[in-house]
Amino acid sequence: MTTLELEKIYLTAGKNEILKDVNLYIDDKDFFVLLGPSGCGKTSTLRVISGLMRQVSGKVLMDGEDISDRPPSKRNISMVFQDYALYPHMTVFENIAFPLRIAHREMQYIRDKVKEISKFLAIDHLVAKKPHQISGGERQRVAIARALVKDPKLLLMDEPLSNLDAKLRDAVRFELKRIHMETGVTTVYVTHDQLEAMTLGNRIAIFRSGTIEQVGHPMEIFNSPVNTFVASFVGNPSMNILESEEAKRALEAETHTYAGIRPRAMFVRKPKDSANIISIEVKVLMKNLLGNEVLVQSEMGNELVYFYVHINDSSLVNEGKTTTLYADRRRIYLFDKDGKQEGRVLSEEPLLEPEQ
């Protein structure tokens, strides 16, 4: 069992506040994702957990025990870095074995353990090669093998997929889920990619400027963002956040400062159940083909509005022309002047996909 708790973590660098009163609880066997834009404090949080950085105040507790004063080598934590940090002069075997050599384990134990973990990660055929002789995806697996070989209580991963191409990232995401399911090691994963966060995380913490905006399960955060920052950060493309009087009037949100609606919550065909449906007029600016879908950029009240249509319906929207969209009142979010969510136009949970 491994739980992790951060209690009022405060961290500075000179006069700059890096982390401000960060509180987190990560459960046993959790795959917990720290998500946010660059420079928001995600990696610094990981380094505080590992002991590579020391907080000004606050506590790091593992299984309820304060480990804030322990050096990194005494925390039984492994870390996978963004650039993998493999030793170029060592073979794959030597790289994986390195933590065990440092721990002065017997050679036979080291051989058996490296064989076991390299087979588990399907890199046992690479053990005699050096990092420059293998691919980026294989180097990433070696880095994970090195992290897992000493059976850590906690695994930290700092944007480990950022150096891989898009196709390989998709494949490795599945691999990371498999590794976590089979090992059960409590994992804290840092990324700025909301797709990675949504597909990998059991729970997610959204960071902004050294503070945590929201913690929750992926769909909880997607469906119930606490403010405009979270609403616009989670989702691709992000939620349309609108403040013009024309847009708010069209969305029946004129009593609030901002109205929000996601691109996939607007349709060119009126749903059969139209009891909660409103119509919206937008001017189509541009269409972008994305396989079976078309992402449409439009305008309403001098603000950009994005929505999707199926490829078969793309002829219903024409660049430079006005078109009618349909939206469910239950999918229109309301925000106050500070960006805090204040519910929806109609406070009922909508069906995931309306029948059209």
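Among the residues of region 185-225, the one identified as part of a loop (DSSP other than H, G, I, E, B), in contact with a Lys or Arg (Cβ under 9 Å, 6 or more places away or on another chain), open to solvent by less than 50 Å² (accessible area, probe 1.4 Å) and over 18 Å from Pro160 (Cα atoms) is Gly210. Please go through region 305-322 and pick out each residue that is assigned to a loop (DSSP other than H, G, I, E, B) and either closer than 12 Å to Arg269 by Cβ or open to solvent by less than 30 Å² (accessible area, probe 1.4 Å) (or both). Val317, the sole residue that qualifies. Of the residues making up region 1-46, those that are within 26 Å of Phe174 (Cα to Cα), touching a Gly at 6+ places or on another chain (Cβ under 7 Å) and not in a loop (DSSP other than H, G, I, E, B) are Phe31, Phe32, Val33, Lys42. A residue that is part of a loop (DSSP other than H, G, I, E, B) and either at pLDDT 95 or above or open to solvent by 100 Å² or more (accessible area, probe 1.4 Å) (or both) cannot be found anywhere in region 323-330. Can you tell me which residue in region 112-146 is farthest from Val185 (Cα to Cα), limited to those that are open to solvent by less than 80 Å² (accessible area, probe 1.4 Å), aliphatic (A, V, I, L, M) and outside any helix (DSSP H, G or I)? This residue is Ile134. A search for C-beta distances below 6 Å between a residue of region 224-239 that is within 11 Å of Glu213 (Cβ to Cβ) and any residue that is in a helix (DSSP H, G or I), counting only pairs 6+ apart in sequence or on different chains, returns Pro225/Ala231; Val234/Gln194; Val234/Ile221; Val234/Phe222. Scan region 255-275 and report the pairs whose first residue is of a type in the set (S, T, N, Q) and whose second residue is buried (at least 17 other Cβ atoms within 10 Å of the Cβ) and not in a loop (DSSP other than H, G, I, E, B), with Cβ atoms within less than 9 Å and a gap of 6+ or a chain change. Short answer, once both residue conditions are applied: Thr255/Lys248; Thr255/Leu334; Thr257/Lys248; Thr257/Leu334; Thr257/Phe335; Ser274/Tyr326. Residues of region 40-71 being more than 25 Å from the chain's Cα centre (by Cα), surrounded by 15 or more Cβ atoms within 10 Å (Cβ to Cβ) and either of a type in the set (A, V, I, L, M) or closer than 21 Å to Tyr189 by Cβ (or both), which ones? Matches in region 40-71: Ile67 only. The requirement of being of a type in the set (S, T, N, Q) and closer than 20 Å to Pro225 by Cβ is fulfilled nowhere in region 244-251; no residue meets it. For region 241-252, the criterion of being in contact (Cβ under 8 Å) with a residue 12 or more places away in the chain and under 23 Å from Met198 (Cα atoms) is met by at least one residue.
So that you can scan it fast, the table gives a plain yes or no per residue for (1) within 27 Å of the chain's Cα centre (by Cα); (2) under 16 Å from Leu242 (Cα atoms):
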{"site": "Gly291", "(1), (2)": "yes, no"}
{"site": "Val294", "(1), (2)": "yes, no"}
{"site": "Tyr306", "(1), (2)": "yes, yes"}
{"site": "Val317", "(1), (2)": "no, no"}
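Please indicate, with yes or no, whether at least one residue in region 168-178 is among the hydrophobic types (A, V, I, L, M, F, W, C) and modelled with pLDDT of 95 or more. No, every residue in region 168-178 fails to be among the hydrophobic types (A, V, I, L, M, F, W, C) and modelled with pLDDT of 95 or more. Could you check, for region 228-237, whether at least one of its residues is open to solvent by 50 Å² or more (accessible area, probe 1.4 Å) and not in a loop (DSSP other than H, G, I, E, B)? Within region 228-237, none of the residues are open to solvent by 50 Å² or more (accessible area, probe 1.4 Å) and not in a loop (DSSP other than H, G, I, E, B). Scanning region 240-271 for residues that are crowded, with 21+ Cβ neighbours inside 10 Å, in contact with a helix residue (DSSP H, G or I) (Cβ under 9 Å, 6 or more places away or on another chain) and of a type in the set (A, V, I, L, M) returns Leu242, Leu251, Ala253, Ala259, Ile261, Ala265, Met266. On inspection, His104 fails the criterion of being in a loop (DSSP other than H, G, I, E, B), on the phi < 0 side of the Ramachandran plot, open to solvent by 60 Å² or more (accessible area, probe 1.4 Å) and not polar (S, T, N, Q). Within region 298-313, residues that are on the phi > 0 side of the Ramachandran plot have Cβ atoms under 6 Å from residues that are outside any strand (DSSP E or B) and of a type in the set (A, V, I, L, M, F, W, C) in these pairs: Gly301/Ala247, counting only partners at least 6 apart in sequence or on another chain. For region 25-39, a residue qualifies if it is over 11 Å from the mean Cα position of the chain (by Cα) and within 27 Å of Asp69 (Cβ to Cβ), and the qualifying residues are Tyr25, Ile26, Asp27, Asp28, Lys29, Asp30.
Close contacts from region 316-338, counting a first residue that is without any contact (Cβ under 8 Å) to a residue 40 or more places away in the chain and a second that is crowded, with 18+ Cβ neighbours inside 10 Å, with Cβ to Cβ under 7 Å and a gap of 6+ residues or different chains, come to Asn318/Val284; Glu319/Val284; Gly320/Val284; Lys321/Val284.
The values are calculated or read from the model by the stated rules, or taken from the named source; none is laboratory data. Keep in mind the model is a prediction, meaning the values are calculated, not measured. As a convention, Cβ positions derive from the backbone with ideal geometry for all residues, glycine included, and neighbour counts pool all protein chains shown. For accessibility, only protein heavy atoms count, side chains too; no ligands or nucleic acids. Shrake-Rupley method; radii C 1.70, N 1.55, O 1.52, S 1.80 Å.
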